[in-house]
Amino acid sequence: MHMLDAKDLNCPLPILRTKKALKDVPSGEVLEIHATDPGAVKDFEAFCRTTGNELLGHRVEGKVYIFQIKHTA
């Protein structure tokens, strides 16, 4: 699994960094993103819907939002 630390970044930086990171993730593999921006939940849902990547899920651990995106686009 590939990891991206997007903590302490505000919108739109977590999405922009994710888009860039996914270029290095082979199709079918998963990128896990750690973010602290509460708006990231809706942002990543919309990002996956528009790009065709699959949001496998997200969870919250303390103040950190953790997303798992399968690169399918």
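Laboratory data are not the source of any read-out in this text; all were calculated from the coordinates shown. Given the structure is predicted, the values throughout are model-derived calculations rather than measurements. Backbone-built Cβ (ideal geometry, glycine too); neighbour counts: all protein chains shown.
Within region 30-73, count every residue that is over 18 Å from residue 7 (Cα atoms), in a strand (DSSP E or B) and not aliphatic (A, V, I, L, M). I'd like the intermediate steps shown before the answer.
The initial filter retains those residues of region 30-73 that are over 18 Å from residue 7 (Cα atoms), namely 30, 46, 48-56, 70-73.
Narrowing further to those that are in a strand (DSSP E or B): 30, 54-56, 70.
Cutting the leftovers down to not aliphatic (A, V, I, L, M) gives us 54, 70.
Count: 2.
Would you please name the residue that is farthest from residue 67 (Cα to Cα), looking only at residues in region 3-52 that are in contact with a His (Cβ under 6 Å, 6 or more places away or on another chain) and of a type outside the set (D, E, K, R)? The selected residue is 27.
Checking 59, 49 one by one, the residue that is of a type outside the set (Asp, Glu) and closer than 15 Å to residue 72 by Cα is 49 and no other.
Within region 19-29, the presence of at least one residue that is part of a loop (DSSP other than H, G, I, E, B) and in contact with a Leu (Cβ under 8 Å, 6 or more places away or on another chain) is confirmed. Quickly run through region 17-73 and pick out the residues that are surrounded by 13 or more Cβ atoms within 10 Å (Cβ to Cβ) and without any contact (Cβ under 8 Å) to a residue 12 or more places away in the chain. Hit for region 17-73 is 45, nothing else.
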